[in-house]
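*Asks:* Quick one: structure below, then a few questions.
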């Protein structure tokens, strides 16, 4: 139809299930979560891999292995605004 704007054929990686996390990291992370929800709220790169926040846990690691902490296991935390590091 002429005069109608075409819809983009690609979607932003943010709206994908992986939220733009590199495929290898996403795949290994999902495999490390048997039976858990894999909805990513946010993620960031770290010096040794990635940090991933989900509704039930905070995960950190890389394709070689992941650690998962339930939010109930975290007593306190913060962010250093100067460096952007979690602490």
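*Asks:* Give the residues of segment 59-87 that are farther than 16 Å from residue 26 by Cβ and in contact (Cβ under 8 Å) with a residue 12 or more places away in the chain, sorted by residue number. Show your work before the answer.
*Replies:* Quick first cut of segment 59-87, residues farther than 16 Å from residue 26 by Cβ only: 67, 69-87.
The answer is 69, 70, 71, 74, 86.
*Asks:* Would you check which residues across segment 62-79 are in a helix (DSSP H, G or I) and surrounded by 10 or more Cβ atoms within 10 Å (Cβ to Cβ) and list them? Reasoning before the result, please.
*Replies:* Of the residues in segment 62-79, the ones in a helix (DSSP H, G or I) are 71-73.
Selection gives 71 alone.
*Asks:* Okay, moving on. Would you mind stating whether residue 53 is closer than 22 Å to residue 71 by Cβ, out of contact with any helix residue (DSSP H, G or I) (no Cβ under 7 Å at 6 or more places or on another chain) and modelled with pLDDT of 95 or more?
*Replies:* Here the answer is no, as residue 53 does not meet what is asked.
*Asks:* Let me ask you something else. Given the residues 25, 82, which is the only one that is over 15 Å from the mean Cα position of the chain (by Cα) and either modelled with pLDDT under 90 or not in a strand (DSSP E or B) (or both)?
*Replies:* The unique qualifying residue is 82.
The values are calculated or read from the model by the stated rules, or taken from the named source; none is laboratory data. Note that the coordinates shown come from a computational prediction; the quantities given were computed from them, not determined experimentally. Note that each Cβ is placed from the backbone with ideal geometry, even for glycine, and that neighbours are counted across all protein chains shown.
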